[in-house]
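The values are calculated or read from the model by the stated rules, or taken from the named source; none is laboratory data. Here the structure is a predicted model, which is why all the values come from computation and not from measurement. So basically every Cβ, Gly included, is an ideal-geometry build from the backbone, and we count neighbours across all protein chains shown. Please note that ligands, DNA and RNA were not included when accessible areas were found on the heavy atoms of the full protein model with its side chains. Shrake-Rupley method; radii C 1.70, N 1.55, O 1.52, S 1.80 Å.
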Amino acid sequence: MNILWAYYVTCKYHVVAYNSIFKKDLFKDEVVLVTGGGTGIGRCIAHEMASLGATVVIAARKLDQLTAVAEEIRKLGGKCDTMQINIRDAAKALELIENIVAKHGKLTCLVNNAGGQFMSPASMLSTKGFATVVDLNLNGTFNMCKAAFDGYMGEHGGSIVNIVAECRNGFPRMVHTGAARSGIINMTKTLAVEWGPFNGIRVNCVAPGTIVSSGMKNYPDNVVDMIAGNDWLSPTGRFGTESEIAASVVFLLSPAAAYINGVNLAVDGGSSLSKGFPEGQDLAFNPEGSLMPAYVGWPEGKDNVHNLKHVDAPQKINDLLNKYKKKKSKL
């Protein structure tokens, strides 16, 4: 009876999972850990990996957020497990990897997405504030990489993607995270050299630019207003979407990237190339906004059977995403 009912519901309501551009079952039989998988970009990565057949384990400090995302994924037919972790604790990081391997048999992919920061001019930043952000982002990412190596990948190989930030030209008002993310980028190159030849591990980075994401809720209203008003100041003329970051991560984890190791992939609409125009940025870019359509993988309209919230961002940021969706591809 339960099988018949499930078949009836599937046919009647046409349940549609995350709309990935990659082929179905690309990650069938793979086990993927996504830290910071309860919100924002991590949530989106988890949805896409699950839609492609992976068993996804999402881990973070707050179990309630993880539980909600896991329930979303399961409703759409995906496989998702949840585990708590404080990535700053190296022993707990190793324990997490060992628990995943014990329960699921392996760990083939790791996405280090957990992290955080706050805005502050360097002149007003305390030593403790600087150290806290560096510890979370840089040390925490190393803890997870090392735990994955010791707990499984050192003997079996695998692929790691570290989520950093667009910081090649510095990071004004966030010197702490700029220093930490730059350290991760260099660490990624080192691990690729050390762990590739004899352990079969690929390690890469994705560096998002400004993304329409729930992370915007961490900033005060005046900062959100400032950010929302500057979305056109880049070669692409808009901010990025969570789906565009997730797709980049999926690519680097996939067999298509088998010969890519130790790179930092900037997914920023060219914003990192556009700083410091002598004539001023207002003359360099189109104030009418983007001519380039955005990619959003979340199900829409009647396909969104479970009414998944696409992005949990401040309203002005959500409005930008709705504007981007109206731009249609010419392809």
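Could you tell me whether any residue of region 197-211 is part of a loop (DSSP other than H, G, I, E, B), open to solvent by 10 Å² or more (accessible area, probe 1.4 Å) and farther than 23 Å from GLY297 by Cα? Checked against the condition, which is being part of a loop (DSSP other than H, G, I, E, B), open to solvent by 10 Å² or more (accessible area, probe 1.4 Å) and farther than 23 Å from GLY297 by Cα, region 197-211 yields at least one hit.
Just so you know, in region 111-130 the residues that are open to solvent by 40 Å² or more (accessible area, probe 1.4 Å) and touching a residue at least 12 places away in the same chain (Cβ under 8 Å) include one that is nearest to GLY200 (Cα to Cα), and it is GLY115. In this entry, LYS92 passes the filter for residues that are more than 12 Å from LEU33 (Cα to Cα), without any contact (Cβ under 8 Å) to a residue 40 or more places away in the chain and in a helix (DSSP H, G or I). In region 149-165, the count of residues that are polar (S, T, N, Q) and open to solvent by 30 Å² or more (accessible area, probe 1.4 Å) is zero. Could you list, in sequence order, all residues of region 215-247 that are free of Cβ contacts under 8 Å to residues at least 60 places away in the same chain and under 25 Å from HIS47 (Cβ atoms)? Hits for region 215-247 are THR236, GLY240, GLU244.
Here region 168-184 is the region considered, the condition is being open to solvent by 10 Å² or more (accessible area, probe 1.4 Å) and polar (S, T, N, Q), and the residue that is modelled with the lowest pLDDT is ASN169.
Does region 270-281 include one or more residues that are at pLDDT 80 or above and more than 22 Å from VAL206 (Cα to Cα)? The answer is no; no qualifying residue exists. Residue-level check: of (1) modelled with pLDDT under 80; (2) open to solvent by less than 30 Å² (accessible area, probe 1.4 Å); (3) on the phi > 0 side of the Ramachandran plot, LEU308 misses just (3). The set of residues from region 217-268 being outside any loop (DSSP other than H, G, I, E, B) and either surrounded by fewer than 16 Cβ atoms within 10 Å (Cβ to Cβ) or among the aromatic types (Phe, Trp, Tyr) (or both) comprises LYS217, ASN218, ASP221, ASN222, VAL223, ASP225, MET226, PHE251, PRO255, ALA256. Which of the residues that make up region 230-256 are among the hydrophobic types (A, V, I, L, M, F, W, C) and within 22 Å of LYS316 (Cα to Cα)? If the condition is that a residue be among the hydrophobic types (A, V, I, L, M, F, W, C) and within 22 Å of LYS316 (Cα to Cα), then TRP232, LEU233, PHE239, ILE245 are the ones that fit.
Report whether or not MET83 is buried (at least 17 other Cβ atoms within 10 Å of the Cβ), in contact (Cβ under 8 Å) with a residue 24 or more places away in the chain and not in a helix (DSSP H, G or I). It is true that MET83 is buried (at least 17 other Cβ atoms within 10 Å of the Cβ), in contact (Cβ under 8 Å) with a residue 24 or more places away in the chain and not in a helix (DSSP H, G or I).
Criterion first (in a helix (DSSP H, G or I), at pLDDT 95 or above and of a type in the set (Lys, Arg)) does LYS106 satisfy it? The answer is no for LYS106.
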